[in-house]
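Asker: Structure provided below as structure tokens; questions to follow.
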Amino acid sequence: MAETLAGAASDAAEAMPEFPMPRAAGCPFAPPPAVEELRERNPIGKVRIWDGSTPWMITGHALQRALLTDPRVSANDKSPGSFPFVTAYRQEIAKYTPELIVNTDAPEHTRLRRMVNGPFLVKRIEAMRAPIQKIVDGLIDDMLAGPNPADLLTALALPVPSLVISELLGVPYADHEFFQENSSLALDRAAAPEDSRAASNALSSYLDDLLGKKLTDPGDDVLSEMAGRVEAGEMSRSEAVHMGVAMLIAGHETTATMISLGTLVLLENPEQLALVRDSEDPKVVAGAVEELLRYLSIVQVGLRRVATEDIEIGGQVIRAGDGLIVDLHAANWDPEAFPGADQVDVTRPARKHNAFGYGPHQCLGQSLARLELQVVYGTLYRRVPTLRLAARVEDLDFDHDGTTYGVASLPVTW
Ligand code: HEM
């Protein structure tokens, strides 16, 4: 009997799916078939990851929302138990990473978030529409004046978030080039690690200097607002610098990817592109932004959490110390939440997607990202109505390894 039980247990262990799962060939936008199957069979089930540990993987939309708002679920990677790190490298650097907005729980997280919430409120972000429009128009002018075909990634997708975040943080125009070069290098996975580290250090010390200047000569920007809080003793200077770097990193590649992949999806679905291009109603473009956020769900590595107490949910018991992987892409293709989820439909009400996460850590920059995407999608296809791909989709270099799923370049012509 004991042998049978042991045999059954080892069969179960063998059957446990490995995460991440491979994507089907020729389906660059769909979640891997094994993920879809897991969601249908068991929207909360265990998987095995690189270090042999077996965290829970949550693929159902409603279950994700319940767990991401549960105070027994921690984003602190130093919490006791098996925090499911993405890689061995991430596990190593976590030992030396200070307390940041991304890896703390309430009340510390609430304090840090309160320090920066103000400038990201919808009303204040909306005031950036005109400056963002100017940035996007200028970049499209340059692209049209330059060589044809062009790489949409370098011509538009990467510079937009970089220039916008410089504006938001209050980086003087003269330093934009330095800022953009170093932020690209700091985030470039193809760059040598020592070059990325040097670029990231250069940015930190630049932001530290700039914060010093804002202390004596404040402007109407996020860094000046944080400088005020440093002066009032509400946050430390290094917390303010870390926060600036976090905004830069969290908002750069994500927004750039939504510009390039969003454009790719629309070019591949011309009837959807026509709806976006030809409508006079800004709500149509805003709706397309939500649908593309849902459909692409570019943060595909899974949000990582650990349980601090036992949690009974979805017919399972998550034990204190168990790791959790919240697969946003799977939830955004959950047919219970989005009927016909495998089809891109810019007219569907898609705003309840989980692409920005959910709960206390839900994306701080979501209003800004939405605005940037609305301006880009609302401008590019109107100004360049003949825009088309200058490569075959099957020849594009899709990146499966990073936090964000994207393409290495997007050749376009017009
Ligand atoms: C389309 C673009 C974007 C996507 C898809 C995206 C996605 C996400 C997701 C999924 C999270 C949740 C992480 C978690 O719960 O562990 C997050 C958090 C965050 N995002 Fe974004 N993001 C985008 C743009 C931006 C921008 C433009 C900024 C800032 C300027 C930004 C700043 C942040 C910050 C600071 C956090 C951490 C919030 C916290 O832990 O409390 N993001 N983002």
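Asker: Name the single residue, out of those in region 226-237 being in a helix (DSSP H, G or I) and touching a helix residue (DSSP H, G or I) at 6+ places or on another chain (Cβ under 8 Å), that is farthest from the ligand (Cβ to nearest atom).
Answerer: Here is the first cut: in region 226-237, the ones in a helix (DSSP H, G or I) are 226-231, 237.
Now narrow it down to the ones that are touching a helix residue (DSSP H, G or I) at 6+ places or on another chain (Cβ under 8 Å): 226-227, 229-231, 237.
Values: Met226: 13, Ala227: 18, Arg229: 16, Val230: 18, Glu231: 22, Arg237: 18 Å.
Filtering region 226-237 for residues that are in a helix (DSSP H, G or I) and touching a helix residue (DSSP H, G or I) at 6+ places or on another chain (Cβ under 8 Å), the one farthest from the ligand (Cβ to nearest atom) comes out as Glu231.
Asker: Has region 278-298 got at least one residue that is touching a residue at least 60 places away in the same chain (Cβ under 8 Å), among the polar types (S, T, N, Q) and open to solvent by 10 Å² or more (accessible area, probe 1.4 Å)?
Answerer: No, region 278-298 contains no residue that is touching a residue at least 60 places away in the same chain (Cβ under 8 Å), among the polar types (S, T, N, Q) and open to solvent by 10 Å² or more (accessible area, probe 1.4 Å).
Asker: So for region 153-174 (the condition being in contact (Cβ under 8 Å) with a residue 40 or more places away in the chain, over 26 Å from Thr403 (Cβ atoms) and among the β-branched types (Val, Ile, Thr)), does at least one residue qualify?
Answerer: No, the conditions are met nowhere in region 153-174.
Asker: Please tell me if Val306 is crowded, with 23+ Cβ neighbours inside 10 Å, under 16 Å from the mean Cα position of the chain (by Cα) and either under 30 Å from Phe85 (Cβ atoms) or not polar (S, T, N, Q) (or both).
Answerer: Working: crowded, with 23+ Cβ neighbours inside 10 Å: yes; under 16 Å from the mean Cα position of the chain (by Cα): no; either under 30 Å from Phe85 (Cβ atoms) or not polar (S, T, N, Q) (or both): yes.
No, not satisfied.
Asker: Among the numbered criteria (1) without any contact (Cβ under 8 Å) to a residue 60 or more places away in the chain; (2) open to solvent by 40 Å² or more (accessible area, probe 1.4 Å); (3) within 12 Å of the ligand (Cβ to nearest atom), which one does Asn117 miss?
Answerer: Here Asn117 clears every test but (1).
Asker: Hey, could you check region 161-194 for residues that are open to solvent by 60 Å² or more (accessible area, probe 1.4 Å) and within 23 Å of the chain's Cα centre (by Cα) and say which is farthest from Gly138 (Cα to Cα)?
Answerer: Among them, the one singled out is Pro193.
Asker: Say whether the condition of being among the polar types (S, T, N, Q) and surrounded by 24 or more Cβ atoms within 10 Å (Cβ to Cβ) is met by at least one residue in region 262-269.
Answerer: Checked region 262-269: at least one residue is among the polar types (S, T, N, Q) and surrounded by 24 or more Cβ atoms within 10 Å (Cβ to Cβ).
Asker: Can you tell me which residues in region 213-260 are under 16 Å from the mean Cα position of the chain (by Cα) and open to solvent by 50 Å² or more (accessible area, probe 1.4 Å)?
Answerer: Listed by number, the residues that qualify are Ile249, Ala250.
Asker: A follow-up question, please. Restricting to region 309-334, name every residue that is part of a loop (DSSP other than H, G, I, E, B) and open to solvent by 70 Å² or more (accessible area, probe 1.4 Å). Spell out the reasoning first.
Answerer: Pass one, region 309-334, residues part of a loop (DSSP other than H, G, I, E, B): 309-310, 314-315, 319-322, 327, 333-334.
Those that are part of a loop (DSSP other than H, G, I, E, B) and open to solvent by 70 Å² or more (accessible area, probe 1.4 Å): Glu309, Asp310, Gly315, Arg319.
Asker: Out of everything in region 363-414 that is of a type outside the set (Gly, Ala, Ser), assigned to a strand (DSSP E or B) and under 27 Å from Asp137 (Cβ atoms), what residue ends up being modelled with the lowest pLDDT?
Answerer: First pass over region 363-414, keeping only residues of a type outside the set (Gly, Ala, Ser): 363-364, 366, 368, 370-377, 379-389, 392-401, 403-405, 407, 410-414.
Next, from what is left, pick out any that are assigned to a strand (DSSP E or B): 388-389, 398-399, 404, 407, 411-413.
Going one step further and asking which of them are under 27 Å from Asp137 (Cβ atoms), we end up with 388-389, 404, 407, 411-413.
Details: Arg388: 98, Leu389: 98, Thr404: 86, Val407: 93, Pro411: 98, Val412: 98, Thr413: 98.
Result: Thr404.
Asker: Please go through region 297-320 and give me each residue that is within 14 Å of the ligand (Cβ to nearest atom) and touching a strand residue (DSSP E or B) at 6+ places or on another chain (Cβ under 9 Å), ordered by number. Please lay out each step first, then the result.
Answerer: As a first pass, look at region 297-320 and keep what is within 14 Å of the ligand (Cβ to nearest atom): 297-306.
Matches in region 297-320: Ile298, Val299, Gln300, Val301, Gly302, Leu303, Arg304, Arg305, Val306.
Asker: Can you tell me which residue among Arg370, Arg388, Arg383, Arg392 is crowded, with 17+ Cβ neighbours inside 10 Å, among the basic types (Lys, Arg) and either under 29 Å from Ala155 (Cα atoms) or touching a residue at least 60 places away in the same chain (Cβ under 8 Å) (or both)? Please lay out each step first, then the result.
Answerer: Working: Arg388 fails: crowded, with 17+ Cβ neighbours inside 10 Å; Arg383 fails: crowded, with 17+ Cβ neighbours inside 10 Å; Arg392 fails: crowded, with 17+ Cβ neighbours inside 10 Å.
Answer to the check: Arg370.
Asker: State the number of residues belonging to region 333-369 that are within 11 Å of the ligand (Cβ to nearest atom) and either among the aromatic types (Phe, Trp, Tyr) or in contact with a Lys or Arg (Cβ under 9 Å, 6 or more places away or on another chain) (or both). Talk me through it step by step, then tell me what you get.
Answerer: Residues of region 333-369 that are within 11 Å of the ligand (Cβ to nearest atom), as a first pass: 353-369.
In the following step, the residues that additionally are either among the aromatic types (Phe, Trp, Tyr) or in contact with a Lys or Arg (Cβ under 9 Å, 6 or more places away or on another chain) (or both) were identified as 353-356, 358-361, 364, 367.
Number satisfying all stated conditions: 10.
Asker: Does at least one position in region 37-60 carry a residue that is over 18 Å from Ile325 (Cβ atoms), out of contact with any strand residue (DSSP E or B) (no Cβ under 9 Å at 6 or more places or on another chain) and open to solvent by 20 Å² or more (accessible area, probe 1.4 Å)? Walk me through it before giving the result.
Answerer: Restricting attention to region 37-60, the residues satisfying the condition of being over 18 Å from Ile325 (Cβ atoms) are none.
So far as region 37-60 goes, no, none of its residues is over 18 Å from Ile325 (Cβ atoms), out of contact with any strand residue (DSSP E or B) (no Cβ under 9 Å at 6 or more places or on another chain) and open to solvent by 20 Å² or more (accessible area, probe 1.4 Å).
Asker: What pairs can you find where one residue is in region 243-260 and within 8 Å of the ligand (Cβ to nearest atom), the other is of a type in the set (D, E, K, R), and their Cβ atoms are less than 9 Å apart, with a gap of 6+ or different chains?
Answerer: That search, which allows pairs on different chains as well, returns Gly251/Glu372; Thr255/Glu372; Thr257/Asp399; Met258/Glu372.
To keep it simple, each residue is scored yes or no on (1) touching a helix residue (DSSP H, G or I) at 6+ places or on another chain (Cβ under 8 Å); (2) open to solvent by 60 Å² or more (accessible area, probe 1.4 Å); (3) small (Gly, Ala, Ser).
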| site | (1), (2), (3) |
| --- | --- |
| Ser74 | no, no, yes |
| Ile93 | no, yes, no |
| Asp105 | no, no, no |
| Leu112 | yes, no, no |
| Lys123 | no, yes, no |
| Ala127 | no, yes, yes |
| Ile135 | yes, no, no |
| Pro159 | yes, no, no |
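Asker: Can you tell me which residue within region 141-170, out of those that are acidic (Asp, Glu) and in a helix (DSSP H, G or I), is nearest to Asp220 (Cα to Cα)? If you could, list the steps in order and put the result at the bottom.
Answerer: Narrowing region 141-170 to residues acidic (Asp, Glu): 141-142, 151, 167.
Narrowing further to those that are in a helix (DSSP H, G or I): 141-142, 167.
Working: Asp141: 28, Asp142: 29, Glu167: 10 Å.
My answer is Glu167.
Asker: Going by the structure shown, is Met115 part of a helix (DSSP H, G or I), within 30 Å of Ala390 (Cα to Cα) and either within 23 Å of the chain's Cα centre (by Cα) or at pLDDT 85 or above (or both)? Talk me through it step by step, then tell me what you get.
Answerer: On the way: part of a helix (DSSP H, G or I): yes; within 30 Å of Ala390 (Cα to Cα): no; either within 23 Å of the chain's Cα centre (by Cα) or at pLDDT 85 or above (or both): yes.
Considered against the rule, which asks whether it is part of a helix (DSSP H, G or I), within 30 Å of Ala390 (Cα to Cα) and either within 23 Å of the chain's Cα centre (by Cα) or at pLDDT 85 or above (or both), Met115 comes out as no.
Asker: Is it the case, given these coordinates, that Tyr377 is within 16 Å of the ligand (Cβ to nearest atom) and of a type in the set (Ser, Thr, Tyr)? Explain how you work it out, then say what you get.
Answerer: On the way: within 16 Å of the ligand (Cβ to nearest atom): yes; of a type in the set (Ser, Thr, Tyr): yes.
Yes, satisfied.
The values are calculated or read from the model by the stated rules, or taken from the named source; none is laboratory data. Because the structure is a prediction, the values reported are computed rather than measured. Note that we place each Cβ from the backbone using ideal geometry, even for glycine, and neighbour counts take in every protein chain shown. Protein only, heavy atoms only, side chains kept; ligands, DNA and RNA dropped before computing areas. Shrake-Rupley method; radii C 1.70, N 1.55, O 1.52, S 1.80 Å.
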